[in-house]
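The following block contains the structure, expressed as structure tokens.
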Amino acid sequence: MKKDDESGESKRPRSGPEDAPPGGKRKRPEDPGGGILMGRPFGVPVYVAPSWFLVAALITWVFGGQLDRVLPHLGGVRYLVALFFAVAFYASVLVHELAHTVVALRYKLPVRRIQLQFFGGVSEIEKESETPGREFMLAFVGPLLSLVLAGFFYLTMAAVEPGTVPGVLLAGLMISNLIVAAFNLLPGLPLDGGRMLRAVVWKITGKPMAGTVAAAWVGRALAIAVLIGLPLLTHTGALGNSTKDIGGVETVTDALLAAILAAIIWTGAGNSLRMARLREHLPDLRARALTRRAVPVESATPLSEALRRANEAGARALVVVDGQGEPTALVREAAIVGVPTHRRPWVAVSGLANDLTDGMKVPAELAGEALLDRLRANPATEYLVVEESGEIYGVLSTADVERAFVAAMARPDAK
């Protein structure tokens, strides 16, 4: 039912800054936190979150009560039929999410996973679309598939007898898929319709940020409308219920449902806006600007002597080099702090260093998401920053990148 937050927009880039601190290990799809792994269609893992079981139980209870009025002869079996409906409905939601996934893969956008959870599903797409046209298609294909499913169930109803279990199930699936499509087409983030609105504004203005701002504020307006309007529609009978049949429990349930939906939409819109604002500041995270000046030292150099040279040169990092001056290791800042001052003349820097790997070499010109992606792909505490020619520029500390990242998140216009 959704691609980004709880209803209709791709999570992107979830390999981006919100997944893990720069240089930290991000959660892989195999992590238990994803829920129960159900399969890997198109190579993308599909998980069922624990919250799904709560929703499935709720759907079973509500739909079972409706079946008691429509097919009273079923007795207790109606709850088995209702459970089948809950599973079939979420299978439809999975088709909705797979539509997003297939188009994303077609556009060379990596999909981390699909997760079925409370109030729908999430397709976690790790990168932004490059053009507004692709953004629009990526968002539109989900509701389109839900409409196609609704049409399929409608046509299939002609082949079964009305008032039977198959007839009621097909009618319920048709209506539920229409609701999924209609809800996701609402023009506000984080819904698919909000992503489509973003693409339209992006196309008109040429600025993706302008599209995000417009769609996010429309999403917040939708959240308020749902919070106030849904209970009113139910209470006045506008949704087909007689007001005399609405009791206190139903009123509280409708208000709770409206509050949950409104919170999901409001939070999703805010997160979309916050991440878009933050993305504007990501180019400020430049490896060259964050790099510490370093001095080369041989492996047998005592720590006290190495620190003396660093102080004289105004450097804050140490690079271990071989006899030809080629870097072989990076001295860990945390290890230096852990050595008492009186022992530093007797400790060689080689014992405090991590061997240098290719993944720990970072081009000085890397910046923004490219820099963060490089650090996440090769977790370490320090990285050797090199010029295009291969010359040593300095040492990049993960702690410095994290501080710069947090500072960008704290800016008022990144909220």
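The values are calculated or read from the model by the stated rules, or taken from the named source; none is laboratory data. Bear in mind the structure is a predicted one, so any value in this text is a computation, not a measurement. Reconstructed Cβ throughout: ideal geometry from the backbone, glycine too, with neighbour counts over all protein chains shown.
Does region 299-314 contain any residue that is under 37 Å from the mean Cα position of the chain (by Cα) and in the same structural domain as Ile336 (by TED's automatic domain parsing)?
The answer is no, given that none of the residues of region 299-314 is under 37 Å from the mean Cα position of the chain (by Cα) and in the same structural domain as Ile336 (by TED's automatic domain parsing).
Any residue in region 369-376 that is over 27 Å from Glu128 (Cα atoms) and surrounded by 15 or more Cβ atoms within 10 Å (Cβ to Cβ)?
The answer is no; no qualifying residue exists.
Can you find, within region 317-328, the residue that is nearest to Glu298 (Cα to Cα) among those that are surrounded by 14 or more Cβ atoms within 10 Å (Cβ to Cβ) and out of contact with any helix residue (DSSP H, G or I) (no Cβ under 7 Å at 6 or more places or on another chain)?
Val321
Can Phe152 be described as touching a residue at least 12 places away in the same chain (Cβ under 8 Å) and among the aromatic types (Phe, Trp, Tyr)?
Considered against the rule, which asks whether it is touching a residue at least 12 places away in the same chain (Cβ under 8 Å) and among the aromatic types (Phe, Trp, Tyr), Phe152 comes out as no.
Okay, next question. Of everything in region 87-106 that's under 14 Å from Asn177 (Cβ atoms) and either small (Gly, Ala, Ser) or in contact with a Gly (Cβ under 6 Å, 6 or more places away or on another chain) (or both), which residue is surrounded by the fewest Cβ atoms within 10 Å (Cβ to Cβ)?
Among residues in region 87-106 that are under 14 Å from Asn177 (Cβ atoms) and either small (Gly, Ala, Ser) or in contact with a Gly (Cβ under 6 Å, 6 or more places away or on another chain) (or both), the one surrounded by the fewest Cβ atoms within 10 Å (Cβ to Cβ) is Ala91.
Checking the conditions here, which among Arg293, Arg279 is in the same structural domain as Val349 (by TED's automatic domain parsing) and either at pLDDT 90 or above or within 26 Å of the chain's Cα centre (by Cα) (or both)?
Only one candidate passes the filter, namely Arg293.
Against the conditions (1) closer than 21 Å to Phe405 by Cα; (2) touching a helix residue (DSSP H, G or I) at 6+ places or on another chain (Cβ under 8 Å), where does Val347 fall short? Just the number, please.
(1)
Only one of Gly163, Gly167 is surrounded by fewer than 21 Cβ atoms within 10 Å (Cβ to Cβ) and out of contact with any Leu (no Cβ under 8 Å at 6 or more places or on another chain); which?
Result of the check over Gly163, Gly167: Gly167.
Looking at this structure, is Leu285 under 28 Å from the mean Cα position of the chain (by Cα), of a type in the set (A, V, I, L, M, F, W, C), surrounded by 16 or more Cβ atoms within 10 Å (Cβ to Cβ) and closer than 30 Å to Gly211 by Cα?
Against the criterion (under 28 Å from the mean Cα position of the chain (by Cα), of a type in the set (A, V, I, L, M, F, W, C), surrounded by 16 or more Cβ atoms within 10 Å (Cβ to Cβ) and closer than 30 Å to Gly211 by Cα), Leu285 qualifies.
I've got another one for you. Anything in region 271-296 that is free of Cβ contacts under 8 Å to residues at least 60 places away in the same chain and small (Gly, Ala, Ser)? List them, or say none.
Ala289
Which ranges mark the helices (runs of 4 or more DSSP H) fully within region 47-166 that have 1 or more residues being under 30 Å from Met275 (Cα atoms), modelled with pLDDT of 95 or more and within 19 Å of the chain's Cα centre (by Cα)?
Correct list: 78-106, 132-157.
Condition check: among the acidic types (Asp, Glu) and modelled with pLDDT under 85. Does Glu298 satisfy that?
Here the answer is no, as Glu298 does not meet what is asked.
While we're on this one: So which residues in region 74-97 are touching a helix residue (DSSP H, G or I) at 6+ places or on another chain (Cβ under 6 Å) and within 12 Å of Leu138 (Cα to Cα)?
Selection gives His96 alone.
For region 337-370, what are the residues that are charged (D, E, K, R), out of contact with any strand residue (DSSP E or B) (no Cβ under 9 Å at 6 or more places or on another chain) and over 30 Å from Asp284 (Cα atoms)?
Across region 337-370, the qualifying residue is only Arg343.
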